[in-house]
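Visitor: Here it is, the structure in full.
The values are calculated or read from the model by the stated rules, or taken from the named source; none is laboratory data. Predicted model, so just to flag it, every value in this text is computed and none were measured. Here the Cβ is made from the backbone with ideal geometry for all residues, glycine too, and neighbour counts use every protein chain on show.
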């Protein structure tokens with residue numbers, strides 16, 4: 001499995017648990033968490049980063065509104081997170097991102113500070129891989145095989161780079 005980055009915990013002011021409503025927000029906490037799981041990012045020269053989201057007033061909120069430290073790059077800034085319905089709403093949200101491999105369930109986070117909610121993390125930058133083995137010929141010899149691969153990623157890595165990293169892992 002290739003390394004990647006994902007949000008591993010969320011803290012929303014005045015929201016004690018994941019089954020709560022977020023004051024002034026159309027979506028509940030569970031819907032917000034589902035949207036955050038789709039957030040794709042790269043962490044450069046660090047394994048952990050804290051991001052902030054401060055929202056004032058009504059309107060849609062996207063990943064582009066997240067304040068990130070210099071070592072974090074959000075790949076899908078147009079990702080919809082939630083809509084604030086109340087004009088007088090003010091929200092403070094902290095997102096903790098970490099690097100890892102594969103999938104890490106929220107239960108693996110252990111004890112977190114009160115108010116910090118664990119999130120299932122999908123670290124893998126690979127979404128899907130398909131391959132096909134075809135017969136091919138080289139010169140007069142026709143009994144060679146050729147492998148054709150299709151690699152879909154989440155945008156944090158190029159398919160060619162993913163294949164190169166996977167090949168390097170296999171040869172080690």
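Visitor: Does residue 118 satisfy being over 14 Å from residue 4 (Cβ atoms) and in contact (Cβ under 8 Å) with a residue 24 or more places away in the chain?
Guide: yes
Visitor: Could I ask something else about it? Residue 77 passes all but one of (1) surrounded by fewer than 17 Cβ atoms within 10 Å (Cβ to Cβ); (2) touching a helix residue (DSSP H, G or I) at 6+ places or on another chain (Cβ under 8 Å); (3) part of a strand (DSSP E or B); which number fails?
Guide: Here residue 77 meets the rest and fails (3).
Visitor: Given the criteria outside the structural domain of residue 26 (by TED's automatic domain parsing), without any contact (Cβ under 8 Å) to a residue 40 or more places away in the chain, in a strand (DSSP E or B) and within 30 Å of residue 159 (Cβ to Cβ), does residue 132 qualify?
Guide: So residue 132 passes the test.
Visitor: Something else now. Do the conditions hold for residue 117, that is, is it closer than 16 Å to residue 18 by Cβ, modelled with pLDDT of 95 or more and either outside the structural domain of residue 154 (by TED's automatic domain parsing) or assigned to a loop (DSSP other than H, G, I, E, B) (or both)?
Guide: Taking the combined requirement at face value, the residue does not satisfy it.
Visitor: Among 52, 11, 40, which is crowded, with 19+ Cβ neighbours inside 10 Å and under 17 Å from the mean Cα position of the chain (by Cα)?
Guide: 40
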